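Presented below is the structure to which this report refers.
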Amino acid sequence: MNDTTENNRPQLEPRPLFVAVGPAGSGKSTAAAWFPVDAVVCLDELRREISGGNAGDQSVTPAAVARQMSLLDEHLAAGRAVFVDSTNVERHVRAGLLDLARRHGRQAFALRFPVDLDTCLARNALRPDDRRVPEATLRWQHGLAQEATAEVLLGEGFAEVHDLPDIDPTAAGATASTDDALAPERIAEAVAVLRKAQQGDKEAHEDLGTYFPGYESLVMQTDHIRYLELAARAGLEATHLLIMHFGDDEWGASVDTYTCGLGRPLASVALGDFASRTEAVRETVRAATDNGWRLAPEHEWADYDCGDGEIHIPIHARPVSG
């Protein structure tokens, strides 16, 4: 992808159409959760909407595909970068998406998910009944995906082809749970321990397990891109930015992931240290925007007192069309 920067901001213009190419169970929806785009159009969600709740109802697929193309047309016309979350293993399906991108003067990037068949079958078996793909269909999808090599996809007209790393949503480790909620009076204490641990306090680091059991790899992550990948693996999404005052001319900022409606901080990653509140807000909002997050308007920002008057900036979920 284009990594050209101006004032340290990624330049993605003209914003491309990102087309996932992979069988069921290869990690497309997991990747869509963290991929830096403005919108995700998910065929399963459209089937669920049209059928009245059954994402696997193949009888509504023609209507879902028509709705998918309509939404893509709308998003591209509005100048948005879009992730197409469907298998797209058939050449004629990809041809339709390429044609749509061309009509809007956009490039199309293919995102391959080269996961082995056994892994896809195992993940598919864990799916609920309304999302489980028949084994014969999955094997057919996998075979076609294998044929869609980078050379083939470039020959079809894709401007770039990328193999995305496998992120297993069922991997052992951090998982969100309704049992994770802390009593309100303990939240400030938990956040304070987290802040101290991130600043190098050894005793606080040892106490993290008390508040964040199973989440240490996320809690102490300092690379925000890696953080998003790990959060996606854990089934979590970033929920807000946090501006912190450490004292005098020391301000910090982070992006945090919560569950249970902000009932408990599960993970946090530092975005930098700043000399003033104004700089912290400006640079943090810039970092969030550059990573594709849509922030709440300023009137929705809130104080959340953990000892030094922290400021929460909610992150709205990226729209998933469905």
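The values are calculated or read from the model by the stated rules, or taken from the named source; none is laboratory data. Not measured: the values here are computed from a predicted model. Reconstructed Cβ throughout: ideal geometry from the backbone, glycine too, with neighbour counts over all protein chains shown. Ligands, DNA and RNA are stripped out before the accessible areas are found, and what is left, the full protein with its side chains, is counted by its heavy atoms. Shrake-Rupley method; radii C 1.70, N 1.55, O 1.52, S 1.80 Å.
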Here's a check for you: in the stretch 59-81, which residue that is touching a Lys or Arg at 6+ places or on another chain (Cβ under 8 Å) and within 25 Å of V115 (Cβ to Cβ) is surrounded by the most Cβ atoms within 10 Å (Cβ to Cβ)?
A64
Residues (at pLDDT below 70, assigned to a strand (DSSP E or B) and out of contact with any helix residue (DSSP H, G or I) (no Cβ under 8 Å at 6 or more places or on another chain)) located in the stretch 242-265:
D256, Y258
Note on the stretch 151-167: residues open to solvent by less than 50 Å² (accessible area, probe 1.4 Å) and farther than 19 Å from F83 by Cβ are V152
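Okay, residues lined up against (1) in contact with a strand residue (DSSP E or B) (Cβ under 6 Å, 6 or more places away or on another chain); (2) of a type in the set (K, R); (3) surrounded by 20 or more Cβ atoms within 10 Å (Cβ to Cβ); (4) under 23 Å from L138 (Cβ atoms):
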{"site": "K28", "(1), (2), (3), (4)": "yes, yes, yes, yes"}
{"site": "A32", "(1), (2), (3), (4)": "yes, no, yes, yes"}
{"site": "S51", "(1), (2), (3), (4)": "no, no, no, yes"}
{"site": "D57", "(1), (2), (3), (4)": "no, no, no, yes"}
When every residue in the stretch 115-147 that is open to solvent by less than 70 Å² (accessible area, probe 1.4 Å) and outside any helix (DSSP H, G or I) is compared, the one farthest from A20 (Cα to Cα) is R127
Among residues of the stretch 284-322 being outside any loop (DSSP other than H, G, I, E, B) and more than 21 Å from the chain's Cα centre (by Cα), the residue modelled with the lowest pLDDT is Y304
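Residue-by-condition table, conditions (1) basic (K, R); (2) at pLDDT below 95; (3) touching a Cys at 6+ places or on another chain (Cβ under 8 Å); (4) in a helix (DSSP H, G or I):
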{"site": "E45", "(1), (2), (3), (4)": "no, yes, no, yes"}
{"site": "N54", "(1), (2), (3), (4)": "no, yes, no, no"}
{"site": "T61", "(1), (2), (3), (4)": "no, yes, no, yes"}
{"site": "V84", "(1), (2), (3), (4)": "no, no, no, no"}
{"site": "R102", "(1), (2), (3), (4)": "yes, no, no, yes"}
{"site": "G105", "(1), (2), (3), (4)": "no, yes, no, no"}
Please determine whether any residue of the stretch 10-18 is assigned to a strand (DSSP E or B) and at pLDDT 90 or above.
yes
